[in-house]
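FYI, it's all coordinate maths here, none of it is from the lab. The shown structure was predicted, so the numbers you read here are calculated from the model rather than taken from an experiment. Positions of Cβ are backbone-derived with ideal geometry, glycine not excepted, and every protein chain shown enters the neighbour counts.
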Amino acid sequence: MNLRPDMNNFVVSARKYRPSTFDTVVGQQHITTTLRNAIRSHHLAQAFLFCGPRGVGKTTCARILAKTINCTNLSPEIEACDQCESCLSFNNNQSLNIFELDAASNNSVDDIRSLVEQVRFAPPNGKYKIYIIDEVHMLSQGAFNAFLKTLEEPPPYAIFILATTEKHKIIPTILSRCQIFDFNRIQVDDISKHLLSIAEKEGIEAEPDALHIIAQKAEGALRDALSIFDQMVTFSGNKVTYKDVITNLNVLDYEYYFRITDQIIPGNISSVLLTFNELMKYGFDAHHFITGLASHFRDLLVSKDEATTQLLDVTPGVREKYKQQSKNIELSTLLKLIDLCNACDLSYKSARNQHLHVEIALMKMCSISGNLIVNENAVSAKPVIIEKTSGDISSASPSAKLSQSSISQAKPAENTAASPASAPKKTDMGTAQTRSTFTPSLSSLSQPKPTKPTNEEQEETDEKNSKPVKTDEIISCWKKFAQQLDDKGNTNLSKALLRRDPELKNETEIHFLLDNQVLEDDLKEIRTDFLSYLKTELQNSYLTLHTQVTDVPLTQNKPYTAREKFQKMAEKNPSLEKLRQQFDLNFD
């Protein structure tokens, strides 16, 4: 097969545009500035260690440093001239003063001994002999030991530049003999700007969003970004578009996250599930989707404050979209959504049905926003599904209050005036809940959806729905609840509630005295349900319950715990206490 001459001359961008001067190094200004100052002030160390992730310029900076320190005609900016004999020989890979060794394949003691032998000879021309050892962490323990003495006291003309991606694998005795330079991952903006300059040089039309996605995909490695860029040019020709990039790299478009967030905000479960199913049909990973959604909510969170928008690693156009969408969702809701995504991410691998696991998380996210909107084929309108509320209705979220108001509007008039005796019964005193089972009719669906009341309107509604409470009414409800506790087997707490009558203070404060701390702890477990029961029965949302342990015993006080029973018996027969102490007995 005969290839065209121009195909044989193709050079990948990572080699063609490899930096040859300190100025052209991308994203490592703290390294290049230090090296320039060291050359200017003649404070060159005998050994350098360049460490950092792949593709960030470690070997490139080592080659530039080696070329610059041997240049005989340095520029005022401390850059090699590319015209002297040393620079020309370096550019043609013919320099006798610069040696590159790959420690991944030359990691034995004999390889290091051969290198040490070469160090003994002075450079034929130029000032320094530079030894660049790449992947130095691959050297064996014996090779490190053989290298120690030469690295610590090399000849004045020898300089060693070591490069590695895993600094922690290098022994401390080597680290202590080197000046260590930590290379950073290159920022997305720096990579995208570099790609744009290369595209202009090559005459390629590239969309900024497309280059930004390539930079994100590279994860801080410029070499990876250039390889992806070459791949995209091969795929789409001289016009690199955002659509081609996400299609070829199988990247989940951020437009999907904006779309699914717009569906989550009103609680549109049907649309959310359909969008998620659409993504799965395209072959995207559900785990990758849920982590990306968490990142999207995080970006919305930082977009709510102008001071933190700089944390968004996106293009200006996308940044505006984040700002607009963040105005439609509350800060507290975003925190809950991020928490749900994080919980789904942590338990994803252990889930049996991972697709359903993500769908459940999405449905929970929809429920956070308030009223749930469900698309039904049977009707053209979107019915309101009433959320279940538990405990104190007055302390529930605004969405729960709205759901309760929609129930009262939809019920017939005769049901709204129901007597307190018709209040919902509790199924379990430990986890009692007030549940609504109202199903909207077709006539109710045609009614306009109620708007969310303001705080002032809600307070006015609570005042209208709360009637004054009398002490005898509280005592009556109190005894009913105590009887229900006794029916459920909680006899001790039931008797404790019946021993005294509650007191009403300041029209809404219910005060009650308990005999001991044990009973108060038992009451705390059902306090929320008890208070909810009283508010419902007495039709007053402002009631509060205050309990206190009394130090004054009643004349008919009965012991409850084992210790109290023993003390009661010991009062009648003091010898029991002596017997307990003699045999070291416990109260239990």
Neighbours of Ile133 by Cβ distance under 12 Å: Lys/Arg at +1, Asp/Glu at -1, summed charge -4
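How much length is gained on full extension from Val12 to His30, taking 0.36 nm per residue of separation minus their Cα-Cα distance?
Values: separation 18, 0.36 × 18 = 6.48 nm, distance 2.76 nm.
Stretched fully, the Val12-His30 segment lengthens by 3.7 nm.
Full-extension gain between Gln517 and Thr72, please, as 0.36 nm times their residue separation minus the C-alpha to C-alpha distance. Numbers along the way, then the final one.
Details: separation 445, 0.36 × 445 = 160.20 nm, distance 8.87 nm.
Contour length minus the Cα-Cα distance gives 151.3 nm.
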Once phi for every residue in region 174-183 is put through the Karplus expression 6.51 cos²θ - 1.76 cosθ + 1.60 (θ = phi - 60°), the whole-Hz ³J(HN,Hα) values, with Gly and Pro written as x, are 6, 4, 5, 9, 10, 7, 9, 10, 9, 8
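Is region 471-549 best put as rounded, prolate or oblate by its Cα gyration tensor, with a ≥ b ≥ c the root eigenvalues, rounded for a/c under 1.5, and otherwise prolate when a/b is larger than b/c, oblate when not?
Numbers: a/c = 1.62, a/b = 1.32, b/c = 1.23.
Because a/c hits 1.5 or more and a/b exceeds b/c, region 471-549 counts as prolate.
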Between Arg319 and Glu278, Cβ-based FRET efficiency (R0 41 Å, step 0.05) works out to 0.95
Under the rule rounded for a/c under 1.5, else prolate if a/b exceeds b/c, else oblate, using alpha carbon gyration tensor axes a ≥ b ≥ c, region 166-244 is classed as prolate
Sequence order, region 502-508: Karplus ³J(HN,Hα) from phi using 6.51 cos²θ - 1.76 cosθ + 1.60, θ = phi - 60°, Hz rounded, Gly and Pro as x, gives x, 10, 9, 10, 6, 6, 10
Here, Lys480 and Leu88, labelled 7 Å along Cα→Cβ, have an inter-label distance in nm of 10.6
Lys and Arg at +1, Asp and Glu at -1: neighbours of Gly237 with Cβ under 11 Å from its Cβ sum to -1
Links exceeding 22 Å between C-alpha atoms in this model, out of Lys16/Lys201; Lys127/Lys169; Lys67/Lys201; Lys479/Lys505; Lys488/Lys572, come to Lys127/Lys169; Lys67/Lys201; Lys488/Lys572
Using alpha carbon centers only, region 152-228 is separated from region 82-141 by a whole-angstrom value of 21
Taking Lys and Arg as +1 and Asp and Glu as -1, residues besides Asn342 with C-beta under 13 Å from its C-beta add up to +1
Looks like region 254-369, by Cα gyration tensor root eigenvalues a ≥ b ≥ c and the a/c under 1.5 rounded cutoff (else prolate when a/b is bigger than b/c, oblate otherwise), is prolate
